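The structure appears below as structure tokens.
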Amino acid sequence: MCAARGGQAGQDPYRRIGELSGTSMSWRERDYHRADEWPSLQSGPPGGPLTIALLAAQVVAFVLLASSPGGSASRALRPLHASPSLTTLLLHPLASRAVAPSFFWCALTWWLVGWSERRFGAWRTLGWFALGCALAAGAYLAAAGAYPAGAAIGLSGPAGGLLLLLARRARELRGQHERVAGQPIAVEWLAGSIAGGLILLTLLTARGAGLAWVAAAIVPTAAGWFLGPWPRFGRPVGPARTTGRTASRSLRAPRRAAPAPPAPESIDRILDKIRQEGVASLSPEEREQLEAARRAMIERDAASNTL
């Protein structure tokens, strides 16, 4: 009897939920009552004025450094080293001179600052970005003072601010997935890969001479993960989202009973829509249908495991 039931379950059309978006992600990993969607690196509008301003500042600084290597801009925009001037201390996040690092920082700014500004507003984003840059500078100078040979590579670019935002984003969205090249990747794993890749690349290319830079990357990343919740000031640029106490109250609110499982034909139609248009295209009624099918499968598996 158990074997027969297992054979029927293997042909159960509800198990096609596991084919969501053409990936191998299990249908158990998604709660279709949730209104939020998997964020994507390939989609999303720009964040707002802060994102544009930071990008413009980086582009203008790079053009000035490239056009006049020995000019006044080059003297003001210097990488951070031991015993820096006040101007260098303030402007080193804009002192990236190479093409590849500058492009990388601009891409991260568009992604991370844009996401944070849409979700939490410009002032909160600017505060965390400035805190990350300050922590990176402090860690670099402390490491340079303790081990001068490890500060041979100067600190330039907004690494501290962006790494702090990267860690904050991973903490806010933990348990969710990014879509990278069509495949779902855990947010925490993606953030750790980016931060760890930067640190590993520095150690491989500079070795001991880059230890101060490594300290400047580790400190803001750790701070972004372990610091408390986002401060409550400013207004988000994009649509309002539930955070903080509002989110806690919504989690404690009793969930309405799920409707009866829909017909297999309805599930097939919804899954085809997800493959073509993504999860965000589902209507509230379609989400309810998928959630009902998911819960039916959970109850069915639990009942079969007890027999």
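Just a few scattered comments:
- The requirement of being closer than 17 Å to Ala57 by Cβ and either in contact with a Phe, Trp or Tyr (Cβ under 9 Å, 6 or more places away or on another chain) or without any contact (Cβ under 8 Å) to a residue 12 or more places away in the chain (or both) is fulfilled somewhere in segment 163-171, by at least one residue.
- If you filter segment 280-307 down to residues that are of a type in the set (A, V, I, L, M), part of a helix (DSSP H, G or I) and at pLDDT below 70, you find that the one that is farthest from Glu178 (Cα to Cα) is Ala303.
- The number of residues in segment 110-143 being crowded, with 24+ Cβ neighbours inside 10 Å, touching a Gly at 6+ places or on another chain (Cβ under 7 Å) and aliphatic (A, V, I, L, M) comes to 2.
- Condition check for Ser40: loosely packed, with under 12 Cβ neighbours inside 10 Å, under 26 Å from the mean Cα position of the chain (by Cα) and at pLDDT below 50: no
- The number of residues in segment 195-220 being surrounded by fewer than 22 Cβ atoms within 10 Å (Cβ to Cβ), farther than 22 Å from Leu165 by Cβ and not small (Gly, Ala, Ser) comes to 4.
- Number of the exception - Trp128 against (1) touching a residue at least 12 places away in the same chain (Cβ under 8 Å); (2) part of a helix (DSSP H, G or I); (3) farther than 17 Å from Pro220 by Cβ: (3)
The values are calculated or read from the model by the stated rules, or taken from the named source; none is laboratory data. What you are looking at is a predicted structure, and each value in this text was computed from that prediction instead of being measured. Note that each Cβ is placed from the backbone with ideal geometry, even for glycine, and that neighbours are counted across all protein chains shown.
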